[in-house]
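Asker: Okay, handing you the structure first.
The values are calculated or read from the model by the stated rules, or taken from the named source; none is laboratory data. Nothing here was measured: the structure is a model prediction, and the numbers come from that model. So basically every Cβ, Gly included, is an ideal-geometry build from the backbone, and we count neighbours across all protein chains shown. Protein only, heavy atoms only, side chains kept; ligands, DNA and RNA dropped before computing areas. Shrake-Rupley method; radii C 1.70, N 1.55, O 1.52, S 1.80 Å.
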Amino acid sequence: MEWVEERSFRYRIEPSGGMRVPGIVFATRDLLTDAEQSLEQVIHVAALPGIVAASYAMPDIHWGYGFPIGGVAATDVDAGGVVSPGGVGFDISCGVRLLAADRDGDEFRPALTAVMDGLDRAIPRGAGPGGVWRPDGPGELERLLAGGSRYAVERGHGEERDLLRCEDGGAVADADVTQVGQRARERGLGQVGSLGSANHFLEVQQVTEVYDVPAATAFGIEPGQVCVMIHCGSRGLGHQICTDHVRVMDRAMTRYGITVPDRQLACTPVDSPEGRAYLGAMAAAANYGRANRQLLSDAARAVFRRAVGARLSLVYDVSHNLAKIETHPVAGRCRRLCVHRKGATRAFPPGHPELPEDIREFGQPVLIPGTLGTASYVLAGVPVGDAFHSTCHGAGRTMSRHQAARTVTGSELRVRLRQAGIAARPKSWRGLTEETPEAYKDVDAVVAASEGAGLCRKVARLVPLGVVKG
């Protein structure tokens, strides 16, 4: 494979073989060390029917199921473009929520232990069942799948402002709960309001740097402020939906004359019965993910009220595993596209009509979670964003979880975090070693490359004070 540097932070893979478009990778050479396998996936995605412009990859690119994590691809709906569950991933609507406290770090520090102990008790986590709220039956679960955060707020688990600061107003409108299978419903029923495991977390943070004061002020963050970041998704329900619909599409491709270089890219036309069924189920899972983060926010707010008398206000909530029908200019005319973002965050520009009115002039907030013990970022969309207004979603793994666990022991990691002044509340220290910082790219370098490539701009940097992990 040959990739050529077009300009700083931008590399191009020319079309060859079955590629319909070029591959475009936003990165530095250092960030692409050992990226051959994921770059091969960029090439495979470029062969999808109906793909337009390019098969894109963000600076945090690493290997995933079908698409690379950090992959972005758009297909032309009206030209037979396809939708592929591999372009969304198993954790549908995995995303990030940031809440800002009305306290600064100096005021908050004496209460840190009490807050972390409270969160340790209040936040369900781990791979199995358990959540802060159990729907009273299938009917209520269906209402949650249709209503997302809106339904949670209606039930008293939040405030109206939360919906104004959430992508899509808290719920994807075209959810079709009839396309969610029985096994997915069973898995989802017992996990509403839970973190899960792997790289998901709830972190208490402090703003250490503000790069864009007007934008930060509008978003509701300031230097020294304490914040809470929540990173989680749609749990077993989303995983099962992906599994179910990949199987259906894998069987259906031959009817549409579709061949793909990797069966993990199973797909059907967006406007086919199978495509519409997947998008309806995916939207239901997205609503589950948003309700999940809403309920965890409600639990965190209760802990902060009890422990320190603090209020938490939502800055923003955005997904980074989703396919959305959007209109974008391609080759001089606007087209209706199915934009897959897998491990990539939508970053709409200033003035975009879908952004909340009170922050619209500054561009969409983009929330980038760092790795364990490192910084996280608030970014914003820019006027001439690339890759259909998309940017990175995190640091990006460089090691498998098994490899990571062999590099450090739980006791060593405990000492490192304590020395850094970070109060950790893991489900298990052995499990936490899988998320050691050495297992990831440098998040500062990923953000610098994203900004350098013109995908976004930095607004603020936050560092951890305490972390709750599955």
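Asker: What is the set of long-range amide H partners of Ser234 at a cut-off below 5 Å, with H atoms built 1.01 Å from backbone N?
Answerer: Ile92, Cys94
Asker: Say each of Arg121 and Ala302 gets a label point 7 Å from the Cα, pointing the same way as Cα to Cβ; how far apart are those two points in nm?
Answerer: 1.1 nm
Asker: Considering the dipole of region 241-362 built from charges on the beta carbon (Lys and Arg +1, Asp and Glu -1) around the Cα centre, which of Ser297, Gly275, Ala286 is farthest to its positive end?
Answerer: Of Ser297, Gly275, Ala286, it is Ser297.
Asker: Of the heavy-atom accessible surface of region 275-348 (probe 1.4 angstrom), what whole percent is carbon and sulfur?
Answerer: 50 percent
Asker: In deg cm²/dmol, rounded to 500, what helix-only [θ] at 222 nm does the chain give when every DSSP H run of at least 4 residues adds -39500 (n - 2.57) and the total is split over its residues?
Answerer: -9500 deg cm²/dmol
Asker: Mind checking the per residue accessible area of region 1-101 for me, 1.4 Å probe, whole number of Å²?
Answerer: With all protein chains present, region 1-101 gives 33 Å² per residue.
Asker: Note down the Stokes-Einstein diffusion coefficient of the chain in µm²/s, whole number, using a Kirkwood radius over alpha carbon pairs, 25 °C, and 0.890 mPa s. Could the numbers behind the result be given before it?
Answerer: Working: Rh = 22.0 Å.
The diffusion coefficient I find is 112 µm²/s.
Asker: In terms of the Cα gyration tensor, with a ≥ b ≥ c the square roots of its eigenvalues, is region 129-206 rounded because a/c is under 1.5, prolate because a/b exceeds b/c, or oblate?
Answerer: Oblate, because a/c is 1.5 or more while a/b does not exceed b/c.
Asker: Another question about this same structure. Excluding Glu6 itself, calculate the net charge of residues whose Cβ lies under 14 Å from the Cβ of Glu6, where each Lys or Arg counts +1 and each Asp or Glu counts -1. Provide the component values of the computation, followed by the final result.
Answerer: On the way: positive: Arg7, Arg10, Arg12, Arg29; negative: Glu2, Glu5, Glu14, Asp386.
Neighbourhood net charge equals 0.
Asker: I would also like to ask the following. Between rounded, prolate and oblate, where does region 148-193 land on the alpha carbon gyration tensor, with a ≥ b ≥ c its root eigenvalues, rounded for a/c under 1.5, else prolate if a/b exceeds b/c?
Answerer: Numbers: a/c = 3.12, a/b = 1.65, b/c = 1.89.
It comes out oblate by the Cα gyration axes.
Asker: Evaluate the distance, in nm, between pseudo-label points positioned 7 Å from the Cα of Arg247 and of Arg336 along their respective Cα→Cβ axes.
Answerer: 3.1 nm
Asker: Which far-off residues, 5 or more places away or on another chain, put their amide H under 5 Å from the one on Asp60, with H placed in the peptide plane?
Answerer: His393
Asker: In degrees, nearest 10, range 0 to 90: what is the angle between the Cα axis of helix 235-252 and the longest Cα principal axis of the chain?
Answerer: 10 degrees
Asker: Okay, moving on. Mind grabbing the base-10 log of I(q)/I(0) for region 165-290 at q = 0.17, 0.19, 0.23 Å⁻¹? Debye formula, identical points on the C-alpha positions, no solvent, two decimal places.
Answerer: For the requested q values the scattering log ratios are -0.93, -1.04, -1.28.
Asker: Can you list the aspartates and glutamates whose alpha carbon is less than 18 Å from that of Lys458, not counting same-chain residues fewer than 8 positions off?
Answerer: Answer for Lys458, where 18 Å is the Cα cut-off: Asp60, Glu209, Asp212, Glu222, Asp317, Glu361, Asp386, Asp442, Asp444, listed by chain and number.
Asker: Then there is this: Rolling a 1.4 Å sphere over the protein heavy atoms, what is the accessible area per residue of region 174-232, to the nearest Å²?
Answerer: Values: 2040 Å² over 59 residues.
Value returned for region 174-232: 35 Å² of accessible area per residue.
Asker: Would you pull out the residues with amide H under 5 Å of Gly466's amide H, same chain only if 5 or more places away, H placed 1.01 Å from N?
Answerer: HN-HN under 5 Å from Gly466: Val204, Ala423.
Asker: I need the phi-derived Karplus couplings for region 75-91: 6.51 cos²θ - 1.76 cosθ + 1.60, θ = phi - 60°, integer Hz, Gly and Pro marked x.
Answerer: 10, 7, 4, 7, 10, x, x, 9, 10, 10, x, x, x, 10, x, 6, 8
Asker: Report the one residue of Met58, Cys242, Ile123 whose Cα lies farthest in the direction of the positive end of the charge dipole of the chain (charges on C-beta: Lys and Arg +1, Asp and Glu -1; origin at the Cα centre).
Answerer: Result: Ile123.
Asker: Bin width 10 Å, alpha-carbon pairs only: give the P(r) of region 423-470 as whole percents, running from 0 to the bin holding the largest distance.
Answerer: 21, 38, 29, 12
Asker: So if each residue of separation counts as 0.36 nm, and I subtract the Cα-Cα distance between Glu107 and Arg430, what length gain in nm does that give?
Answerer: 113.0 nm
Asker: Quick one: what are the phi-derived ³J(HN,Hα) couplings along region 99-106, Karplus 6.51/-1.76/1.60 with θ = phi - 60°, whole Hz, x for glycine and proline?
Answerer: Result, rounded to whole Hz: 10, 10, 8, 8, 9, 9, x, 5.
Asker: Calculate what fraction, in whole %, of the accessible area of region 19-68 sits on carbon and sulfur atoms when a 1.4 Å probe is rolled over the protein chains.
Answerer: The value for region 19-68 is 47 percent carbon and sulfur by accessible area.
Asker: Right, here's the next one. What is the local net charge at Ala307, summed over the other residues whose Cβ is closer than 12 Å to its Cβ (Lys, Arg +1; Asp, Glu -1)?
Answerer: Working: positive: Arg103, Arg121, Arg301, Arg305, Arg306; negative: Asp117, Asp120.
Summing Lys and Arg as +1 and Asp and Glu as -1 gives +3.
Asker: Just round it to a whole percent: the fraction of Cα-Cα distances in region 304-344 exceeding 13 Å.
Answerer: 69 percent
Asker: Residue-wise, which Karplus ³J(HN,Hα) couplings in Hz belong to region 419-434, taking 6.51 cos²θ - 1.76 cosθ + 1.60, θ = phi - 60°, and x for glycine or proline?
Answerer: Each residue of region 419-434 in turn: 5, 7, x, 9, 8, 9, 10, x, 5, 8, 5, 4, x, 5, 4, 5 Hz.
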